[in-house]
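Down below is the structure, laid out as structure tokens.
The values are calculated or read from the model by the stated rules, or taken from the named source; none is laboratory data. Computed from a predicted structure; not experimentally measured. Virtual Cβ from ideal backbone geometry, glycine too; neighbours counted across all protein chains shown. Surface areas here come from the heavy atoms of the whole protein model, side chains and all, with no ligands, DNA or RNA. Shrake-Rupley method; radii C 1.70, N 1.55, O 1.52, S 1.80 Å.
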Amino acid sequence: MKGSLLKHAAGVLLLAVLALPAQAQQDYSTTYSNGKVLIDQEHYDKAMAELLPVTQAGSKNQYAPEASYLYAVAALKANKLPEARRMLQQLQGQHPNWPNQPEASYLLGNVLFEQGEYEQALAELNSIRSAKLQADAEKLKRHYLMRITDRGAFEQLMQRYPDDKAVAQTYADKLIAGWYRPEDKSTLESIVSKHRLDRNRYLSANAMRKLAYNVAALMPFQLDQDLGQAARKNQFATDLYAGMKIAQDSLKRQGININLYAYDAGTDTTAVKRLLETPELKGMDLVIGPVYRSSAKIAGRFAAQNNVNVVNPLSQDLEVAGENPNIFLFESSVATQAQQAATYAFNTFEPKTAVILYEDNKDDIAFSQHYREQFLKLGGKIATYKKINSAQSAATAAVFKDLKLEGIGHLAVFSDKMTAAANTVSTLQSRAATLPLVTFENWLGIGQLTLRQLDDLEIYFVNPKYIDQMSPAVRHFRKRYAARYNMPPSPYAYAGFEMMYYFGTLLQNYGTRFNLALGSEGIKPGVFYQGIGYTNRAALNEVRRDNQYIPITKLENLQLTVVNPIF
């Protein structure tokens, strides 16, 4: 997997280079070193261009094999798989005696897996004789084999590689996760016996396929309060659950059976603790909720002690997930939103120079910090990075008045306050109407700004839950929702559907231990959202379980709708 490449690349970089004529050694050494630096900076295209001349074999070029290997690493990171494959095959052909050929075989296996060439990838990895790399090769095989959702395709691999333990064990995992049929019993028993797998895990009654998965929704319905008062206050919980119910129906039509149980978790930790102590909750296949941060630690302990995956449907705080592999965020974190937005800005706007203003509060400060760090990491420059306080109107206006916008690629304003928004729009209208602006989609709800004002500017909104109201999927959902509940869906209803549909599919594909295989999911399109996925912790060296990619939408692409606030 891509996340493990840097470890193997680091081993290659430790090679001793033979003595070369001074001028040739210096030229190759400088270019080679530049390529390594560019890879470290994640400028993969530039690294490929820098390393390519060094990859040419020659009597005076002892850097060629190392440069070829690193070129392939950069190409894989840049998702240029054909280039990576050709270079690795060239490396194997031109430098058969290079001592790190096992590393090249490992990397080529990675590339072939990414290209969907599973049989060739397995053959390449099985050719590795290095004891040091064989364990990593087995992990790599398991990682990619878990991605296969086509049973027929997997059975072909089983026939082609009957003695490969990684293939057999992954097939056994998929059988007990959802593929199992009564006629598979002898096959499963044969795999367990041949490869000495854990019989309790694979052959016990509990290991056989579930006909349905039990999912608990712990929501603050507050049914013990006056219905009229609680309905409006906790409508978000009702809407989330309503969306989940429609997803349950959609999954059922695809043969995925979800038993969805609703529990009133209230708004305090006492009710949550009492619920999570019950035997029925401990036996659930998935728990969605509770929603409030005050219950996060209780939910975390429950998940760890009972090995039950728990999804927080609303939090954007990575601390809620912490180091617990059983806790997931459905909402993207502030860090992920900011980093995705900064990456989009760096790749889109010229020159690569930004002005960043941010509101004086915790979330906006955090957002601006992650945005700034990512933009700088990619090679951008920050001309101005300044805090504002919209409660001080005169001081805020002075900040905007003193901004130097000449030679700037884009302006980023991270505040949802009317004062900041009005000053931004006024400044751009009078001084730089064509300067791109990156900000929050909340600005569309600021009554003092008209759509005409916004449409006259080049504005990009960070919009994690952008819904294209004209898409067929959204239209169909809106029609079904209105027919069932006699009202249009709110944003929470869309979120409830997307969340239940996504995790329901994961349960079917990977079983209740889907967290062990979720790194292979990557970014993928959702039903409504542009993409949802699992951020691979190994690849980023960070604790992240954000399940939603961040689309950035221009104003003209937005479809506005009026949502009835009354349930």
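Given a 1.4 Å probe and the protein chains as shown, residue 292 ends up with an accessible area of around 80 Å². Per-residue Karplus couplings for segment 138-147, computed as 6.51 cos²θ - 1.76 cosθ + 1.60 with θ equal to phi - 60°, are listed in order as 5, 5, 5, 4, 4, 4, 7, 5, 5, 6 Hz, Gly and Pro entered as x.
Between beta-carbons, use under 11 Å as the cut-off and find the net charge around residue 343, counting Lys and Arg +1, Asp and Glu -1. Within the 11 Å Cβ shell, the charges total 0. For residue 36, neighbours were defined as the other residues whose beta-carbon sits under 10 Å from its Cβ, and their charges (Lys and Arg +1, Asp and Glu -1) total -3. Counting 0.36 nm for each residue step from residue 386 to residue 189 and taking away their Cα separation leaves a gain of 64.4 nm. Remark: segment 344-360, residue by residue, has Karplus-estimated 3J(HN,Hα) of 4, 4, 5, 7, 10, 9, 10, x, 7, 10, 10, 10, 10, 10, 8, 6, 7 Hz, where x stands for each Gly or Pro and the curve is 6.51 cos²θ - 1.76 cosθ + 1.60 at θ = phi - 60°.
Label-to-label distance, residue 444 versus residue 270, with points set 7 angstrom from Cα along the beta-carbon direction: 4.2 nm. In this simple spin-label approximation, residue 257 and residue 233 carry label points 7 Å from Cα along the Cα→Cβ vector, and these lie 3.9 nm apart. Taking amide H as placed 1.01 Å from N in the peptide plane, residue 438 has its amide H under 5 Å from the amide H of 411, 412, 413, 460, each at least 5 places away in sequence or on another chain.
Given their separation in residues at 0.36 nm each and the Cα-Cα distance between them, residue 56 and residue 294 gain 79.7 nm when the chain is fully extended. Between residue 404 and residue 323, what is the FRET efficiency for a Förster distance of 41 Å, r being their Cβ-Cβ separation, to the nearest 0.05? Plugging the Cβ-Cβ distance into 1/(1 + (r/R0)^6) gives 0.40. If R0 is taken as 25 Å, the Cβ-Cβ distance between residue 249 and residue 513 corresponds to a FRET efficiency of 0.45. The candidates 498, 350, 124, arranged from most to least accessible area with a 1.4 Å probe in the full protein assembly, appear as 350, 124, 498.
Karplus-derived 3J(HN,Hα) values for segment 93-101, using 6.51 cos²θ - 1.76 cosθ + 1.60 with θ = phi - 60°, are x, 8, 10, x, 9, 4, x, 9, 4 Hz; glycine and proline are entered as x. Rolling a 1.4 Å probe over the protein heavy atoms leaves residue 54 with an accessible area of roughly 0 Å².
Amide hydrogen proximity for residue 388: with H placed 1.01 Å from N in the peptide plane, the residues at 5 or more positions away or on another chain lying under 5 Å are 358, 359, 360. Loop-located GluC sites (Glu not before Pro) in segment 388-478 (DSSP state not H, G, I, E or B) with no more than 14 neighbouring Cβ atoms inside 10 Å: 406.
Across the cross-link table entries 77/141; 80/165; 36/80; 245/479; 297/465; 362/404, which are compared at the Cα atoms, the separations over 21 Å belong to 80/165; 297/465; 362/404. On a per residue basis, segment 372-428 carries 47 Å² of accessible surface, using protein heavy atoms and a 1.4 Å probe. Rounded, prolate or oblate, given the Cα gyration tensor of segment 342-382, with a/c below 1.5 counting as rounded? Judged from the Cα gyration tensor, segment 342-382 comes out prolate (a/c at least 1.5, a/b above b/c). The residues of segment 68-110 present an accessible area of 35 Å² per residue when probed at 1.4 Å with all protein chains retained. Here the simple spin-label model places points 7 Å from the Cα toward Cβ, and for residue 482 and residue 377 these points are separated by 4.4 nm.
Here residue 181 and residue 131 are evaluated by their C-beta separation; at R0 = 45 Å the FRET efficiency comes out at 0.75. Let a ≥ b ≥ c be the square roots of the eigenvalues of the Cα gyration tensor of segment 34-79; is it rounded (a/c under 1.5), or, if not, prolate (a/b larger than b/c) or oblate? Prolate.
Each Lys and Arg adds +1 at its Cβ and each Asp and Glu adds -1 at its Cβ; summed about the Cα centre, segment 213-334 shows a dipole of about 140 debye. Here segment 372-488 exposes an accessible surface that is 49 percent carbon and sulfur, computed with a 1.4 Å probe and the other protein chains kept in place. Of the trypsin sites (Lys or Arg not before Pro) found in segment 351-417, the ones in coil according to DSSP and having at most 10 other Cβ atoms within 10 Å of their Cβ are 404.
Solvent-accessible surface of segment 272-346, taken per residue with a 1.4 Å probe and all protein chains present: 38 Å². Take residue 199: with every protein chain present and a 1.4 Å probe, its accessible area is about 140 Å².
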